[in-house]
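Down below is the structure, laid out as structure tokens.
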Amino acid sequence: MKYSGSLVKEEREKIFQLFLDSIKLKFSEIEKKIKIRSNMVSYHLERMQKEGIVEKKGDYYYLTKDSEKYLPFFSNLVGQELSPLPIILVAAMRKEKNQEKILMIKRNRRPYKDYLSLIGGKMLLEEDFEQASLRQVKQKTNLDTKFSSMNAVLQERVEGDDMVKHNFILFFTKVTTTHDKFRNSEYGKLKWYTLKELEKQKVIPSDRWLIENKLKSKISVRTSIMNEKDGELTSFDIQN
């Protein structure tokens, strides 16, 4: 019987999934729970150790520190279920002759190809909202900016063909800059617009709504930090 790549992937995922219920597992426990031959369990665990997914301490296997980060995302990673994607959307603002201007990008990639949109993208695991906002603008425009506010949270669903095609949780923030010279992005062409000029442009409808209705708003979104060791939460702190 040929041992296919898809079967190898499936069995590795089953081993990883066992760590959702247990911090540490013995070889015999893994073998019993996934019900495959011991030589294949040995093969998988050896490969997973080489790839930095698991580590062995004494008689027990543990997820490595890097692998622990993926536990909350496991169902998404293996395609069992999909969740809304959190996105930072940033209004990068500057003043010119007492007029506010906002930096927009004409997207050259799907989804929303050829629409104007706010600067934005995914947050990194290590970031808070402020850090993500400043990084996204710097990365896509090379502008140095100052964080101003968290303005709104909006769920955005795109439906069509009798299905939900996209589902995003949009965190709308505002930053300011005194510079006007940007570096064009690989994701699309950048341009400064007055709010009046933007009215006649082809803008993603949810982005337009946020700009027109929430640009002057401010909401409080706090960051909590918890420390965890060996499955126990040891501290809790709310950041200002």
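Annotations for the structure displayed:
- Shown for 137, 164: other C-beta atoms within 10 Å of each C-beta, ranked fewest to most, produce the order 164, 137.
- Trypsin sites (Lys or Arg not before Pro) within region 104-134: DSSP coil, no more than 10 neighbouring Cβ in 10 Å: 109, 113
- For region 36-147, the calculated P(r), taken from all Cα-Cα distances in 10 Å bins from zero up to the bin holding the longest distance, is 11, 27, 24, 17, 13, 6, 2, 0 percent.
- For residue 181, the lysines whose Cα comes closer than 19 Å to its Cα, not counting residues fewer than 8 places off in the same chain, are 95, 97, 101, 106, 138, 140, 146, 189, 191.
- The modelled label-to-label distance for the pair residue 64/residue 159, using points 7 Å beyond Cα in the direction of Cβ, is 4.4 nm.
- In a fully extended conformation the segment linking residue 97 and residue 81 would gain 0.7 nm over its present Cα-Cα distance, using 0.36 nm per residue.
- The gain in end-to-end length when the residue 38 to residue 225 segment is fully stretched comes to 63.2 nm, 0.36 nm per residue minus the alpha carbon separation.
- Taking N as the residue count of region 85-214, its C-alpha radius of gyration divided by 2.2 N^0.38 Å amounts to 1.01.
- Ranked 179, 44, criterion: other C-beta atoms within 10 Å, fewest first: 179, 44
- Measuring nothing but how far apart in sequence close Cα pairs (under 8 Å, 6+ apart) lie, relative to its length, region 1-153 scores a relative contact order of 13 percent.
- Over the C-alpha trace of region 154-204, radius of gyration and Dmax come out as 15.3, 46 angstrom.
- Cα shape, region 5-65, gyration tensor, a/c 1.5 rule: rounded
- Of 51, 100, the sequence from fewest to most neighbouring Cβ atoms within 10 angstrom is 51, 100.
- Scattering curve values for the chain, log₁₀ I(q)/I(0), Debye with Cα scatterers, q = 0.13, 0.16 Å⁻¹: -0.91, -1.10
Each reported figure results from applying straightforward, stated rules to the coordinates on display, with no laboratory input. The model shown is predicted, which means the values in this text are computed figures rather than measured ones. Glycine also receives a Cβ, built like all others from the backbone with ideal geometry; neighbour counts cover every protein chain displayed.
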